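Working notes, beginning with the structure itself.
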Amino acid sequence: MALLIYGLDIDEVGSAQGWRDTLAELLPELEVRIFPDIGDPSGITYLAFMHPDFDAIPPLPNLKAMFSRSAGVESFVHHPKMPEVPLGKIEPSGGDPMMTEYVLMHVLRLHREMPLYQQAQARREWLRRPIMRPEARRIGFLGFGLMARAPALVLTSLGFPVSAWVRSPRPEAEIPIFHGSDQLEPFLRQTDIAVCLLPLTRETEGILCARTFALMPRGAMVVNLGRGRHVVDADLVAALDSGQLSHAALDALYPEPLPPDSPLWLHPKVTVMPHVARRPTVRQLVTEIVANIGSIEAGGGLLQEVDKAMGY
């Protein structure tokens, strides 16, 4: 039984030896190989990666499953050489505390109008704005997966009305859920701060556009932590300039890095962040990989399997 690691931000998240040491501690019987040191491909039973190049990875005849650390799978899920084995995410089942704090930071910053106060400080202006109570600011999550649920519940505990919009019904959800294309409009009409954590699919590409901005209350705000191509940049700038939106905080952009001539950089109503919402540790990732391997070896399946047809 061997695991091949491809990418996974080896240098950024942790050293190759750190991966080997942590895997040896948590699953000592697992042989660890780090690309390009593949060895005999027939001995590889598991593959973990980020941004894989399936043209570079040789056929792995005894592969049982693959694990992706990528936030999205759209860049590789339709590759003709991708192995035809189950694909799973390696995310903590309860979400990542770093993502929770990041969502809260942006929502609270917009709720308390910090961008306006920062601009006033630059002008040396003693600006005092009416303070809005949490119960008067409606937060709406586009997407309600692992990374959205935890911050949504924390915001609920702070007194914010929180809802979410998803593709399919979620009768067991702890917050009000809107679902399907027919309910996107009523969801947006009651959303003052929209937080996008959707996967990128053909249906969600460009979902934050002139049409959807116009459905939101005037002066609404947007936080995009999903994928850069969820946002139509020109429509966003137009909505900000017209006052339909009052601010946008963008952690995911397209392309990345954002080109120097992008109007988003210097727009006074835009916060640009260089895709830094979270960085999982080696132990977090290894813990999830080990749990998935344990499930498969015991006759079960992946803990968070990706539906390749749907793209998430």
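Bear in mind these aren't lab numbers, they're just calculated from the coordinates by the rules spelled out. It should be emphasised that the depicted structure is a prediction, and the values quoted were computed from it without experimental measurement. In this analysis, Cβ positions are derived from the backbone assuming ideal geometry, glycine residues included, and neighbour counts consider all displayed protein chains.
Here are the numbers:
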{"quantity": "Principal-axis tilt of helix 282-297 within the chain, Cα atoms, nearest 10 degrees", "calculated": "60 degrees"}
{"quantity": "Descending semi-axes in whole angstrom, ellipsoid equivalent of region 97-272, from the Cα gyration tensor", "calculated": "24, 20, 15"}
{"quantity": "Equivalent-ellipsoid semi-axes of region 207-312, from the Cα gyration tensor, Å, largest first", "calculated": "37, 17, 11"}
{"quantity": "In region 207-307, the trypsin sites (Lys or Arg not before Pro) that fall in loop regions by DSSP, at most 13 other Cβ within 10 Å", "calculated": "R218"}
{"quantity": "Relative contact order for the chain, counting Cα pairs under 8 Å that sit 6 or more residues apart, in percent", "calculated": "17 percent"}
{"quantity": "Point-charge dipole on Cβ atoms (K/R +1, D/E -1) for the chain, about Cα centre, debye to 20", "calculated": "1440 debye"}
{"quantity": "Convex hull volume per residue for the chain, taking Cα atoms only, in Å³", "calculated": "154 Å³"}
{"quantity": "Cα-based helix-to-principal-axis angle, 16-26 vs the chain, degrees rounded to 10", "calculated": "80 degrees"}
{"quantity": "Where a label projected 7 Å from the Cα of H78 along Cα→Cβ would reach, residues of region 214-257 with amide N under 16 Å", "calculated": "229-230"}
{"quantity": "Fluctuation leader among L63, L266, L208 - the chain, Gaussian network, Cα springs under 10 angstrom", "calculated": "L266"}
{"quantity": "Using alpha-carbon coordinates, inclination of helix 233-242 to the longest axis of the chain, degrees", "calculated": "20 degrees"}
{"quantity": "Mean Cβ count within 10 Å, highest first, over the residues of peptides 189-202, 109-122", "calculated": "189-202, 109-122"}
{"quantity": "Zero-based 10 Å bins, Cα pair distances in region 185-240, whole percents", "calculated": "26, 61, 13"}
{"quantity": "Per-residue HN-Hα couplings for region 248-256 [Karplus 6.51, -1.76, 1.60; θ = phi - 60°; Hz; x = Gly/Pro]", "calculated": "9, 10, 10, 9, 10, 9, 9, x, 10"}
{"quantity": "HN-Hα J in Hz across region 75-92 - Karplus 6.51, -1.76, 1.60, θ = phi - 60°, x for Gly and Pro", "calculated": "6, 9, 5, 9, 5, x, 9, 5, x, 8, 10, x, 10, x, 7, 10, 10, x"}
{"quantity": "Residues with amide H under 5 Å from that of H247, placed H, sequence gap 5 or more", "calculated": "V222"}
